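Please treat every number below as a calculation from the coordinates, not as lab data. Here the structure is a predicted model, which is why all the values come from computation and not from measurement. Please note: Cβ atoms are built from the backbone with ideal geometry, for glycine as well, and neighbour counts cover all protein chains shown.
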Amino acid sequence: MSRFGGNLLTRRSYAPNCPAVCELTVEFVKKTQAEKFKEEERSRDFFCVVRDAFRIFARNSSTILGSAWAFTIAVLVIVIWAATGPAFHFSNTWQLIINTGTTIVTFLMVFLIQNTQNRDAKAVHLKLDEIIRAIKGARNELVDLEELSDDELKKLEEQFQRLRKRAERNGTQSRKAQSAKSR
């Protein structure tokens, strides 16, 4: 079965002995779907494309640059730079090379690390929000804590400290008290 011109056709009802018609119909549908996909792709906002490309680049970069190999290469670069010091008489240019290189790398890494941390934090928040919503009796007001002001967070923290102290007075120990006693 294929879709052609809005009507659902079967091979038997439209052209029982003509497989070429069915093949043309399938080709037409494929072209139409491909054209729709290309149109959607073209209509995507430029900034969405850039954002997605940066997300993929940041994720891959953080995986690679956070590895032991990347650290080893960085140490190797520093050792080579230090070893070349006597050849360049420890000149200002020699020092400027490492200063400029590390400044540029640090500047770019800030954005990569921040992007990765923002994504991870958002994922953790969403997972915790789902757990809070799923647990019967949980306070749903805690779902969007990251949206609270510093004063509101401080009040909430004090409220939880009072709850912990009340639980300890009633004979229920907090994890903090239990772990301290086990040491």
Answer with one residue from ILE80, ALA121, LEU142: the one whose Cα lies farthest towards the positive end of the charge dipole of segment 79-145, charges on Cβ with Lys, Arg +1 and Asp, Glu -1.
LEU142
Convex hull volume of the Cα atoms in segment 47-147, per residue, in Å³?
155 Å³
Computed from the beta carbon distance with a Förster radius of 45 Å, FRET efficiency for THR103 and GLU147 to the nearest 0.05 stands at 0.80
Work out Dmax and Rg for segment 36-99 from the C-alpha atoms and quote the Rg first, both in angstrom.
20.7, 64
Would you mind computing, in nm to one decimal, how far apart the modelled labels at HIS125 and LYS155 are, each placed 7 Å from Cα along Cα→Cβ?
2.0 nm
Mean Cα-pair separation over length for segment 43-155, i.e. relative contact order, pairs under 8 Å, 6 or more apart, %
23 percent
Select from segment 66-140 those trypsin sites (Lys or Arg not before Pro) which occupy a DSSP coil region and have at most 10 other Cβ atoms within 10 Å, ordered by residue number.
LYS136, ARG139
